[in-house]
Structures are given as C-alpha cells and as structure tokens.
1. Limited to the range 15-34, what total is found for residues that are out of contact with any helix residue (DSSP H, G or I) (no Cβ under 6 Å at 6 or more places or on another chain) and part of a loop (DSSP other than H, G, I, E, B)?
2. Which residue out of 7, 17 is out of contact with any Gly (no Cβ under 9 Å at 6 or more places or on another chain) and not small (Gly, Ala, Ser)?
3. Among the listed residues 43, 12, identify the single one that is loosely packed, with under 10 Cβ neighbours inside 10 Å and basic (Lys, Arg).
4. Of the residues 12, 43, 49, only one is assigned to a loop (DSSP other than H, G, I, E, B) and not β-branched (Val, Ile, Thr); which?
5. For a quick check of your reading of the model, give me the residue pairs whose first member lies in the range 36-49 and is of a type in the set (A, V, I, L, M), whose second is surrounded by 11 or more Cβ atoms within 10 Å (Cβ to Cβ), with beta-carbon atoms closer than 9 Å and at least 6 apart or on different chains.
Amino acid sequence: DGLVEAVSLPGKWVLGVQWHPEWRSLQDPVSTRLFAAFGAAMKHLSARKWSGEK
C-alpha cells in the first residue's frame, strides 16, 4: 500500500515502527528479531558503560 512502516538511523540504535511489535512478538519473526537486537544493543551499551569505555 506504500505506507512507510519503519524508519532507522544508520550508525545509531534508532528505530521507529508503525505497528506494535510487542503484540504476538513470539509468533512474529520480525518482532522477535527486533527485540533480540534491542536486548543485544542494551547488553553492549551496559558493558561499555561499566568498563568505562565511551
């Protein structure tokens, strides 16, 4: 239908979506990957923060 449903910003962990990825996230492979990527990014950020890395 031509409707933009997601946007991202290269080089940063920024993502906007026009749906509810939390709805049925375990059954929807796109949502599952989105949440897995978010979790991995937060783990990485946390590790950098606690190591003193900027």
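Since every read-out is calculated from the coordinates, none of them should be taken as a lab result. As the structure is a prediction and not an experimental result, all values here were calculated from the model. Using ideal geometry, Cβ is built from the backbone for each residue, glycine included, and neighbour counts are taken over all protein chains shown.
1. Residues flagged as out of contact with any helix residue (DSSP H, G or I) (no Cβ under 6 Å at 6 or more places or on another chain) and part of a loop (DSSP other than H, G, I, E, B) within the range 15-34 amount to 9.
2. 17 is the lone residue from the list that is out of contact with any Gly (no Cβ under 9 Å at 6 or more places or on another chain) and not small (Gly, Ala, Ser).
3. Working: 43 fails: loosely packed, with under 10 Cβ neighbours inside 10 Å.
Result: 12 is the single residue among 43, 12 that is loosely packed, with under 10 Cβ neighbours inside 10 Å and basic (Lys, Arg).
4. Working: 43 fails: assigned to a loop (DSSP other than H, G, I, E, B); 49 fails: assigned to a loop (DSSP other than H, G, I, E, B).
Answer to the check: 12.
5. Hits for this filter: 37/13; 37/15; 41/13; 42/13; 45/13.
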